[in-house]
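S.K.: Sharing a structure below in structure tokens format, with a few things to ask.
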Amino acid sequence: MAGNLAGRGAIVTGATSGIGKAAVAAFLADGARVVGIGRDTASLAALEAASPGLFVGIAADLADLARAEDATARAIAHLGRVHVLVNDAGVGLRANLVDTADEQYQRMFDVNVRATFVTCRAVIPHMVAAGGGTIVNVASSLALKAARDRAVYAATKAAVIALTRSIAVDFGARGIRANCVAPGTTDTPWIGAILAGAPNAAELRGQMEARQTIGRLGTAEEIAAVIAFLASDAASFVHGATFAVDGGMTAW
């Protein structure tokens, strides 16, 4: 049933997996028109087929600066009016600082930080000219509380939070709301890949679940629900905030 986002245009990066895909579903269910940017062409095609006229996919690896800029420009052109931008595209690595190679460091910053910067830089002037809009960037609770073997990933997500706060300060008076969600450990394909590569997947999953005070992983849909709230008029007085949607991970 259409709701607060009915008729609005939204761009979602990382649209083919995990939280980004769940955000696309939430926006479509609420009546929005969505352009999803992601790397999985088959998933983009399936989403287009399932929501003809309401969803359009653009395939791009946002680690590539030129492709990130082109994909964002194409998304803006297709929608005509962008009310919402959600930056969910991200990559991570289970490694401490010493064990992180230069190329791994660079890719995480390229996707997690630079792509967020590029999309925001392109969309903000468009939103300001059209009378305003809202940006929701996906950070991580690991930017708020350290965990083992996530050094560079956590640093990129801390940068996303700082960037988002600066956007709120610089452009809030010009009609732009910018906020972050900081998910706790969420049951996504990325977590699945980490578990699949672990010597003892059950033990590692148990450790991940124990990070949250409620003793379980989050779901992509739970995070997407908060993203949809922040994108809606119900959050009209929420500016420059970081919502820890983490099952209590940062409570202890």
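Bear in mind these aren't lab numbers, they're just calculated from the coordinates by the rules spelled out. The structure presented is a predicted model; accordingly, all values stated were derived computationally and were not measured. Backbone-built Cβ (ideal geometry, glycine too); neighbour counts: all protein chains shown.
S.K.: Which residues does the label zone of R148 cover in the range 202-245, counting backbone N under 11 Å from a point 7 Å along Cα→Cβ?
M.R.: 204, 207-208
S.K.: Hey, how many Å between the Cα centroid of the range 31-95 and the Cα centroid of the range 167-205?
M.R.: 18 Å
S.K.: Kindly rank 171-184, 20-33 from highest to lowest mean number of other beta carbons found within 10 Å of each residue.
M.R.: Taking the mean over residues of other Cβ atoms within 10 Å, the ranking is 20-33, 171-184.
S.K.: Considering the chain, what Rg and Dmax in Å follow from its alpha-carbon atoms?
M.R.: 17.2, 53
S.K.: Starting with the fewest neighbours, write out D233, D64 ranked by other beta-carbon atoms found within 10 Å of each beta-carbon.
M.R.: Result, fewest neighbours first: D233, D64.
S.K.: Using 0.36 nm times the number of residues separating A225 and A29, minus their current alpha carbon distance, what extension gain do you get?
M.R.: Taking A225 through A29 to full extension adds about 69.4 nm, to one decimal.
S.K.: Using only Cα atoms, find the angle between the long axis of helix 151-171 and the longest principal axis of the chain, and express it within 0 to 90 degrees, rounded to the nearest 10.
M.R.: 30 degrees
S.K.: Gain in length, A50 to A251, computed as 0.36 nm per residue apart minus the alpha-carbon separation, to one decimal in nm?
M.R.: Stretched out fully, the A50 to A251 stretch lengthens by 68.4 nm.
S.K.: D70 to E209: extension gain in nm, 0.36 nm per residue of separation minus the Cα-Cα distance?
M.R.: Gain on stretching D70 to E209: 46.2 nm.
S.K.: Also, quick follow-up: Using the Karplus curve 6.51 cos²θ - 1.76 cosθ + 1.60 with θ = phi - 60°, what ³J(HN,Hα) values do you get for each residue of the range 177-187, in whole Hz, with x for Gly and Pro?
M.R.: Once θ is set to phi - 60°, the couplings for the range 177-187 become 9, 10, 9, 10, 10, 10, x, x, 5, 10, 6 Hz.
S.K.: Given a Förster distance of 25 angstrom, what is the FRET efficiency for Q106 paired with H78, based on the Cβ-Cβ distance and rounded to 0.05?
M.R.: Step by step, r from the Cβ atoms, then E = 0.25.
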